[in-house]
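Here is the structure we will look at, set down as structure tokens.
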């Protein structure tokens, strides 16, 4: 960690919403995450969380978030308990989330929770003494994804401010884009939203950007939007968030990213995606220098290592 | 000509005046009346005033806790609280919305954890006092129809 940064104390702090953090605090976390990279790749080892236990409670499916949290804890020498499918737990018998959290609180030193209800992590933090890290609450917040997205832009573009960033896809139900639009505004990025008319960014989020001094542009034309873009952030149209199948079928497949489309963009345009992708990015893009999404998924490990280390306590 | 009062003056107690017309019953609900008091309570609705129509609530022989009454600013931001002692107004102040509203309004988001079977009460942060605007502490959603969401 850069020596000129004053050490901030995050021990015991919950990570619920990106809005709970100032820009200074976010910078501090991202800076620390950079130091974690050689430990995340396995190049270096340090058991700073040896003897510590993490509860990993996933009430909804997850691949990257769960695995990268668990990898992060293991890489730092800690242990992980928990579940990835609540059907084998007392939730099935009707146990409240509050009671499950009370148990995990007494079994571990930190809790990671993903839950289908918005606000679930905030509730969990009320019932736990140990720090709670939100791994996604329904269509609500996903702060660690937001941090790793910021980290990716920062490492690829060296700065966040004044980058022209296009957020594309399901901007209505997509939880990552809401937090991200807020955080990017906090850094003064230039935002353009591209989505089908029925999946536009909610006014609440647009107003938050405006309050931070950013006036987002909106267009339905992706070709136009990517012309001078530095970052194209693609999201999946999520079937599971749609109230009815008909609405989903109407909009799925509206936008497709392929090499033909990317010819309209800048040479150093980077394409990001929180993954999983379905059909929105053609596999032919994977081998181009534009494709950053797998690197972005890796970045989840150093960022989550930094967070676990900061909130549980123990520094590299 | 002497103005005729629709609800008789009270000797001692609390008068909540300038309640947004039509909201008196909701005000009583927020204050837990009649459950919270055995005093005589009079309600006048749609009373003509300088600023149009208003509702009035009079609670006899009891001075309500202003911190409690302040919660009604959610649906009656212009209301005033008057403490009456021996037929005179001894103290008068405007309601002031507290910074947090707990257990009064339900969240408008059906998938908010506060609407699930969890041992918590609804909780909102006040983001604007006039006009009243609140945001759910749990899911951060802002209900537009506060008056319709009173529990």
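Every number here is computed from the coordinates shown, using simple stated rules; none is lab data. Given the structure is predicted, the values throughout are model-derived calculations rather than measurements. All Cβ positions, glycine included, derive from the backbone under ideal geometry; neighbour counts span all protein chains shown.
Just a few scattered comments:
- Label-to-label distance for residue A:315 and residue A:240 is 3.8 nm, based on points extended 7 Å past Cα in the beta-carbon direction.
- Its relative contact order, with pairs defined as Cα atoms under 8 Å and 6+ residues apart, puts chain A at 21 percent.
- Shape category assigned to region B:52-99 from the gyration tensor of Cα positions, a/c cut at 1.5: oblate
- From its DSSP helices (H runs of at least four residues, each -39,500 (n - 2.57)), the protein assembly as shown gives a residue-normalised ellipticity at 222 nm of -8500 deg cm²/dmol.
- With Cα atoms as the point set, region A:143-297 shows a radius of gyration and Dmax of 14.3, 42 Å.
- Gyration tensor (alpha-carbon) shape descriptor, region B:100-149, a/c threshold 1.5: prolate
- If both residues of a DSSP beta bridge must be in chain A, then about 0% of such bridges are antiparallel.
- Between A:211, A:60, A:43, the GNM of chain A built on Cα springs shorter than 10 angstrom shows A:43 fluctuating the most.
- The modelled label-to-label distance between residue A:45 and residue A:90, using points 7 Å beyond Cα along the C-beta direction, is 3.7 nm.
- Centre separation in Å (Cα based) which lies between region A:172-218 and region A:118-143: 22
- Whole-Å distance, taken between Cα centres, linking region B:118-151 and region A:251-295: 40
- Normalised contact order of region B:1-146, rounded percent, pairs of Cα under 8 Å and 6 or more residues apart: 22
- Prolate/oblate/rounded call for region B:13-94, Cα gyration tensor, a/c under 1.5 rounded: rounded
- Cα centroid separation - region A:23-61 against region B:63-109, whole Å: 48
- Available extension along the chain between residue A:159 and residue A:31 is 44.8 nm, counting 0.36 nm per residue and deducting the alpha carbon span.
- FRET efficiency, residue B:94 to residue B:53 (Cβ-Cβ, R0 30 Å, nearest 0.05): 0.95
- Fully extended contour minus Cα-Cα distance, from residue A:103 to residue A:284, at 0.36 nm per residue: 60.5 nm
- Calculated SAXS-style log₁₀ I(q)/I(0) at q = 0.08, 0.11 Å⁻¹ - the protein assembly as shown, Debye, Cα scatterers: -0.58, -0.93
- Mean Cα-pair separation over length for region A:143-297, i.e. relative contact order, pairs under 8 Å, 6 or more apart, %: 23
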